[in-house]
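Have a look at the structure below, then the notes.
The values are calculated or read from the model by the stated rules, or taken from the named source; none is laboratory data. Nothing here was measured: the structure is a model prediction, and the numbers come from that model. Cβ: placed from backbone, ideal geometry, glycine included. Neighbour counts: every protein chain shown.
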Amino acid sequence: MKISVCGIACEKCPRMQKGICPNGEEGCTPKLTGPCKIKHCAVEKKVRYCFECKEFPCELTKVGPLNYGYCQYISSTN
């Protein structure tokens, strides 16, 4: 199972399931290619997953495939 930068399993990501993932079959890995802002942020912050960042959850995670409330829950910020 491939886990993306945002923490969701690529196979369960709505974009991947619809065939509209901006990174294609590779999914979201932290590198500076493709149009994914979350992926680019992970590279800049030098983290593999968003939840490893000390700023998680942030405004950028609100546009990702995970529910923002869930992001707050796993980071214990709600």
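Any idea which residue in the stretch 54-70 is modelled with the highest pLDDT, counting only those that are closer than 22 Å to residue 22 by Cα and of a type in the set (A, V, I, L, M, F, W, C)?
If we take residues in the stretch 54-70 being closer than 22 Å to residue 22 by Cα and of a type in the set (A, V, I, L, M, F, W, C), then 58 is modelled with the highest pLDDT.
Given (1) at pLDDT below 70; (2) not in a helix (DSSP H, G or I), where does residue 74 come up short, assuming only one miss?
With respect to (1) at pLDDT below 70; (2) not in a helix (DSSP H, G or I), residue 74 is out only on (2).
Across the stretch 48-62, what is the total count of residues that are surrounded by 13 or more Cβ atoms within 10 Å (Cβ to Cβ), touching a helix residue (DSSP H, G or I) at 6+ places or on another chain (Cβ under 7 Å) and free of Cβ contacts under 8 Å to residues at least 40 places away in the same chain?
Qualifying residue count for the region: 4.
When only residues in the stretch 13-47 that are of a type in the set (Gly, Ala, Ser) and crowded, with 18+ Cβ neighbours inside 10 Å count, which is modelled with the highest pLDDT?
42
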